[in-house]
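Enquirer: Below you'll find the structure I mean.
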Amino acid sequence: MERSKKTIYQLKMPNSEKPKIETSFDLPDVESLAVAFPEIKQGDSKELKLENAEGDAGEIEGLKAKIERAFADGQPPEAKPDETMSHKERIEEYQEEYLPEYLKDKPGLVSSAIKTLLTRGSKFETEGREKLPKKGPFIVICNHFGNGDTEAVMKTFKDFDLHFAVGKEWADWDRPGIIPAAKRWFFKKLGMIPVEESLSNLTPQEKEDALSRQDKTGKKVFRKIIDREKSGLPGGNMKFVQEAIATLSRGDTLCVFPEGPFLNPHGPMNMMEKEEMKQGYRGIEIIARWYQELTGEQLPIIPTAFTVDKATGNKKLSIGESLLLEDNDSGLNGTDWCMSHVAKLLPEEQRGYYKDVAIK
């Protein structure tokens, strides 16, 4: 069957009884869907198709009108949970549907051994450890330029069930073959959750320039992302959101690097990036909002910042105060607000995109 050239979108609120309805309408760039459809800009006309349509045309048109009204107010469609179900029952149902099979069991000896080997040689100073929550769930965000930042976060949060978001294309998550299978096994043992990365913060020329600076593997990955976004096809990040919420709902923690893939890679195996912060890709908001809808609780976000002293080579991971999105009265979107708290923990010359909005 030939795939439609029109864009296909899926929308499922955590507690919706009938989440899959087929319809289409103009979809503005609203905060709640930014993570799933980062390539959509204000005023774009896109087709929304929710598979397995149920009900008659009147029901579909009614849902369409409801969604359009909700988007006009800048809010996602309100899900109506089954009032007969407790939060605990809804969480268990959600986990059953969306928790990846490889995450249903808690990490074992193999996972612990791999993490120990990865972080054994990681030496850095930690500042603000006293600000760490006593337990999860929460989201950790951090600036990202390599040089040991992942290992530092992994080691600092070793007493929590921490999961990293990993670029799906970089991890060869869907590719057949022995080597991709081995990579998937490795990332799964680390408890990582795949996400399709975006370059939608860049202009078409900036995307091509970034591609030209990649190595052979990076060029293939960037070309996939660029072609996907050029075609109008959405990223598969709704699945990532659902899996992340299911994981968080059992008390685990999640680390994301909102700045996305390296645009100026260099160093050994091209695993380093310029230190200046780039604008973060959005997605924190939808995870936090849907988590609260599912559990009835707010989801804390922990800003962290990784630095390397150029004179001494000494590394440091700084931990900021826990954030709740409801406290954002800055006028910034949720992701930029959280990233401005990361920028606050960095030297001024490393704040980059956030140098003028770093929270004082």
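Quick note: the coordinates plus some simple rules give every number you see, no bench work behind them. None of these values were measured; they are calculated from a predicted model. Here Cβ is always computed from backbone atoms with ideal geometry, including for glycine, and neighbour counts include all displayed protein chains.
Enquirer: At 7 Å along Cα-to-Cβ for each site, give me the label-to-label distance between Thr126 and Glu92 in nm.
Expert: In this crude label model, Thr126 to Glu92 measures out at 3.5 nm.
Enquirer: Name the long-range amide H neighbours of Val140: under 5 Å, sequence gap of 5 or more, or other chain; modelled H, no Pro or chain starts.
Expert: For Val140, the qualifying residues are Leu254, Cys255, Val256, Ile302.
Enquirer: Continuing with the same structure: Distance check, please: which entries in Lys189/Lys274; Lys158/Lys315; Lys219/Lys316; Lys131/Lys188 exceed 27 angstrom between their Cα atoms?
Expert: Going by Cα-Cα distance, Lys189/Lys274; Lys219/Lys316; Lys131/Lys188 fall outside the 27 Å limit.
Enquirer: Could you put Asp336, Asp149, Asp329 in order, starting from the residue whose Cβ has the fewest other Cβ atoms within 10 Å?
Expert: Asp329, Asp336, Asp149
Enquirer: Could you calculate the FRET efficiency of Asp209 with Ser112 from 1/(1 + (r/R0)^6), where r is the beta carbon distance between them and R0 is 45 Å, rounded to 0.05?
Expert: 0.60
Enquirer: Can you sort Ser122, Ser212 from fewest to most other Cβ atoms within 10 Å of each residue's own Cβ?
Expert: Values: Ser122 17, Ser212 9.
With the sparsest Cβ surroundings first, the list reads Ser212, Ser122.
Enquirer: If you don't mind, another one. In sequence order, what are the phi-derived ³J(HN,Hα) couplings for the stretch 200-210 according to the Karplus relation 6.51 cos²θ - 1.76 cosθ + 1.60 with θ = phi - 60°, rounded to whole Hz, with x for glycine and proline?
Expert: Values, residue by residue: 5, 6, 9, 6, x, 5, 5, 5, 5, 5, 5 Hz.
Enquirer: How would you order 184-192, 136-144, 305-313, 164-172 from highest to lowest mean count of nearby Cβ atoms within 10 Å?
Expert: Going by the mean number of other Cβ atoms within 10 Å, highest first, we get 136-144, 164-172, 184-192, 305-313.
Enquirer: In 5 Å bins starting at 0, how do the alpha-carbon pair distances of the stretch 128-270 split up by percent?
Expert: Values per bin, smallest distances first: 2, 9, 16, 21, 21, 16, 10, 5, 2, 0.
Enquirer: Continuing with the same structure: What is the set of long-range amide H partners of Glu127 at a cut-off below 5 Å, with H atoms built 1.01 Å from backbone N?
Expert: Leu317, Ser318, Ile319
Enquirer: For Met271, enumerate residues with amide H under 5 Å from its amide H, sequence gap 5+ or separate chain, H modeled in the peptide plane.
Expert: His266
Enquirer: Would you kindly derive the ³J(HN,Hα) couplings of the stretch 178-191 from the backbone phi angles with the Karplus curve 6.51 cos²θ - 1.76 cosθ + 1.60 (θ = phi - 60°), listing them in order in whole Hz, with x for Gly and Pro?
Expert: 5, 5, x, 5, 5, 5, 4, 4, 4, 5, 5, 5, 7, x
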